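Working notes, beginning with the structure itself.
The values are calculated or read from the model by the stated rules, or taken from the named source; none is laboratory data. Only a predicted model underlies this, so the values are computations on that prediction, with no experimental measurement involved. Because the Cβ atoms are built from the backbone with ideal geometry, glycine has one as well, and the counts that use them run over all protein chains shown. Accessible surface areas use protein heavy atoms only, side chains included; no ligands, DNA or RNA. Shrake-Rupley method; radii C 1.70, N 1.55, O 1.52, S 1.80 Å.
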Amino acid sequence: MTTTRDLSHHQEAADLRRRARRALGGQDPEHDWPISNSDEVATAHACLATATQLGDVSDRLVAIDVDLSRIADAAETQARRANPEPDYTEAELLTVRGEISRTDQKASILLASVAIVAGPVAERGDDLLRQPWPIAVLGLLAALLAATSTWLLLDVVLPRLVGRTNANFLHYATCSPQDMAAALGPDADRRGELAALSAIAKAKFQCLARSGLLLKASALLFTATAGLSLSF
């Protein structure tokens with residue numbers, strides 16, 4: 001669509017070309033008297049006409065670029081609405097729940113192993129106390145590390161009774177029907193649940209890792225105790 005501004009550009013360029021033709025004919029562009037430097041005047045007016053026409057083309061290209069940018073933005077917005085970003089919250093929830101379950105299983109296995117070893121060690125507790133004091137101290141320190149490790153393992157397997165979020169059943173036990181619908185509906189705070197479960201998983205992993213290190217240290221101390229007792 002041709003605008004008033006487009007017409008003014010065309011009219012200005014046409015007027016400059018008309019003046020250039022008058023100058024080529026040996027006449028002053030504004031008056032009828034003859035001029036001697038007709039080529040110079042005609043060239044100047046022709047250059048001005050070309051510059052005006054090029055300015056009009058440049059303005060048109062800028063306007064087209066703006067329109068294309070708007071069209072691209074609108075198309076991108078429509079594409080985002082049609083294909084929203086994938087939400088991996090549910091997949092991560094399953095992953096975290098699986099990690100919590102595996103951590104509990106590992107802690108249960110370690111607890112069972114500690115219980116198997118603790119029986120024979122406890123039966124020989126009196127013999128350990130009758131040993132020379134370096135051996136007795138090493139043995140008691142090993143037993144203390146094992147007991148601390150067992151405590152941490154219990155922290156892993158014991159339930160985390162946190163009901164402030166929808167991370168476990170305690171939250172649902174306090175929900176009204178409206179709260180229950182909100183907690184289980186499409187607008188439920190799944191990311192809050194993921195954050196709560198991740199915090200539980202992190203605490204369990206930390207306890208399990210510390211317990212494992214203590215059990216290793218306890219085993220080394222028990223080995224050293226046994227070695228020293230044989231040497232005396």
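Just one of the numbered conditions (1) under 25 Å from ALA196 (Cβ atoms); (2) surrounded by fewer than 15 Cβ atoms within 10 Å (Cβ to Cβ); (3) at pLDDT below 90 is not true of HIS171: (2). Looking only at residues in the range 200-232 that are surrounded by 16 or more Cβ atoms within 10 Å (Cβ to Cβ) and of a type in the set (Ser, Thr, Tyr), the one that is farthest from the chain's Cα centre (by Cα) is SER229. Scanning the range 44-75 for residues that are modelled with pLDDT of 80 or more and charged (D, E, K, R) returns ASP65, ASP67, ARG70, ASP73. Whenever a residue of the range 58-70 is surrounded by 10 or more Cβ atoms within 10 Å (Cβ to Cβ), its partners that are in a helix (DSSP H, G or I), lying with C-beta atoms within less than 9 angstrom and at least six residues away or across chains, give the pairs ASP59/ARG5; ASP59/ASP6; ASP59/HIS9; ARG60/ASP6. I'd like the full set of residues that are surrounded by 13 or more Cβ atoms within 10 Å (Cβ to Cβ), more than 16 Å from LYS202 (Cα to Cα) and at pLDDT below 65, limited to the range 147-167. Within the range 147-167, GLY163, THR165, ASN166 qualify.
Considering only the range 91-114, I want to know if a residue exists there that is at pLDDT below 85 and open to solvent by 60 Å² or more (accessible area, probe 1.4 Å). There is no residue in the range 91-114 that is at pLDDT below 85 and open to solvent by 60 Å² or more (accessible area, probe 1.4 Å).
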